[in-house]
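The values are calculated or read from the model by the stated rules, or taken from the named source; none is laboratory data. The structure presented is a predicted model; accordingly, all values stated were derived computationally and were not measured. With ideal geometry, Cβ positions are generated from the backbone for all residues, glycine too; neighbour counts draw on all protein chains shown.
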Amino acid sequence: MSNIYDKWERLVEAVIRREQIWQMFHDQSPSVSSISSDFSLDYQVIDMPFDFSSPGGSSTYQQLFPPAVENLRKKETSVEKGDSGLVFIQGFNPAFDLDNMLNSIAGFLGKGTFGSAYMAAMDNGITVVLKRLNVVNMPEKKFRQHLEVIANVRHENVSALRAYYSSKDEKLMVFDHYSNGSVSAMLHGKNGENRAQLDWETRLRIAVGAARGIAHIHKQSGGKLVHGNIKSSNIFLNSQEYGCVSDFGMANMIAIPVIRTAGYHAPEVKNTRDASQASDVYSFGILLLELLTRKSPSHVIGGVEVVDLVKLVNSVKGKEQTANVFDVELLRNRNVEEQMVKMLQIGMSCVAKTPRKRPKMDEVVKMMEVDYERRNSETTALIEMQIPNCRLVV
Ligand SMILES: Nc1ncnc2c1ncn2[C@@H]1O[C@H](COP(=O)(O)OP(=O)(O)OP(=O)(O)O)[C@@H](O)[C@H]1O
């Protein structure tokens, strides 16, 4: 059965991939700048916000989806008898049901470490993201308990779980859809003239928001919770356009630890089970460096160059050279260089090699807020920040 399922997944993705390539050559892709030359169906990270409003976009995807939706629905009816169906998290309006949602799947957002993400746009105007987990092997009860913990983490900078569905062989999680796409898509999604403008203020709001969200997660469950997968494709903009952290708690649900190699993961993290609050701080530090340099620490679709950001920043010496690591677009913003350097210093303190030398997340928030509030109040006086273990020479 799971074999058939696997084949179905691969088939859907192959068709979608073909569609992306087709769109690329016909210059109709709403958001994909280019496609990696590796067309294999093995693990791929596709960071492609799907523009539902694009002409022809949704109908193309709807035509692609009926067999997939049908397959899911068949599975659902087979388990529905003894099952309560879609479970809504308290406080969220149960304005749709499972059938509704599956019928409204309008786009494939991408395949991540833990499964595939689809967008469902319902007639009542609600648009959600449906995450279909394919590597969870938790007993039903434990899975539900785990989701309770995730659901209880409510904060404006943490993407809220709205609903879930759980049966023996199907696990779905439902989140709000963020129409701007992820921070990864904003930073690396388009090249050349079409590239999204991301001024300093926006990047600061992304960074401050994400930091607050992570710090909040770290304070829950007696200060024991870990995000485990901080990266720019898991950060979105909330309604106030501040960073908002998603995908929290996924890493603990998978049966087999996933090997971590490059990009955002701290040197001590060899697989998902090694994640800690200190390793979240490290990953956040990489996110800061990514926001400042607009260089990607890991593979994203579009074939952008992957850069070891820690090495890059460590290689610069002196004030003049430091300016070279910043994204040129930021240098157009007046009077922000000093703040950028401070942010770089905070980022570098987070990526200290030894976990205990990294600041705690609430310390990071304080350091950033000092700078952010200073900017907002337009105070010109310099505020000295205590930044532990900063290796940057400026
Ligand atoms: N709520 C959301 N709104 C809009 N896009 C989303 C949402 N959640 C996920 N996405 C996008 O869907 C794609 C797949 O997401 P998913 O979380 O499954 O994998 P990932 O973030 O690429 O990797 P990982 O599984 O390691 O977190 C990504 O491009 C992600 O940015």
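Figures for the structure shown
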| read-out | value |
| --- | --- |
| Failed item in (1) small (Gly, Ala, Ser); (2) modelled with pLDDT under 70; (3) more than 26 Å from GLY249 (Cβ to Cβ), with GLY125 passing the rest | (2) |
| Residue within segment 265-288 that is under 15 Å from the mean Cα position of the chain (by Cα), modelled with pLDDT of 95 or more, of a type in the set (S, T, N, Q) and within 15 Å of the ligand (Cβ to nearest atom) present | yes |
| Number of positions in segment 136-169 that are free of Cβ contacts under 8 Å to residues at least 12 places away in the same chain and not in a loop (DSSP other than H, G, I, E, B) | 4 |
| Test: residue in segment 324-335 that is over 25 Å from GLY112 (Cβ atoms) and in contact with a Phe, Trp or Tyr (Cβ under 7 Å, 6 or more places away or on another chain) | yes |
| Residues satisfying the stated conditions in segment 184-197, i.e. within 16 Å of the ligand (Cβ to nearest atom) and either in contact (Cβ under 8 Å) with a residue 40 or more places away in the chain or assigned to a helix (DSSP H, G or I) (or both) | SER184, ALA185, MET186, LEU187, HIS188, GLY189, LYS190 |
| Verdict on THR322 being part of a helix (DSSP H, G or I), among the β-branched types (Val, Ile, Thr) and at pLDDT below 90 | yes |
| Residue within segment 170-183 that is away from the ligand (no atom under 15 Å from the Cβ) and either surrounded by fewer than 21 Cβ atoms within 10 Å (Cβ to Cβ) or in a loop (DSSP other than H, G, I, E, B) (or both) present | yes |
| Long-range neighbours under 6 Å by Cβ, at least six apart or interchain, first residue of a type in the set (Lys, Arg) within segment 351-373, second modelled with pLDDT of 95 or more | ARG358/ALA278; ARG358/VAL281; ARG358/CYS350; ARG358/ALA352 |
| Among residues of segment 334-372, those that are buried (at least 17 other Cβ atoms within 10 Å of the Cβ), part of a helix (DSSP H, G or I) and under 24 Å from the mean Cα position of the chain (by Cα), counted | 16 |
| Qualifying residue in segment 204-212 (condition: surrounded by fewer than 17 Cβ atoms within 10 Å (Cβ to Cβ), outside any strand (DSSP E or B) and within 16 Å of the ligand (Cβ to nearest atom)) | no |
| Checklist (1) exposed (fewer than 15 other Cβ atoms within 10 Å of the Cβ); (2) over 23 Å from the mean Cα position of the chain (by Cα); (3) modelled with pLDDT under 85 applied to VAL316, failing item | (1) |
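To keep it simple, each residue is scored yes or no on (1) within 10 Å of the ligand (Cβ to nearest atom); (2) within 22 Å of the chain's Cα centre (by Cα); (3) surrounded by fewer than 18 Cβ atoms within 10 Å (Cβ to Cβ).
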position	(1), (2), (3)
GLY91	no, no, yes
ASP99	no, no, yes
PHE108	yes, yes, no
LYS111	yes, yes, no
SER116	yes, yes, no
MET122	no, no, yes
LEU130	yes, yes, no
LYS141	no, no, yes
ILE150	no, yes, no
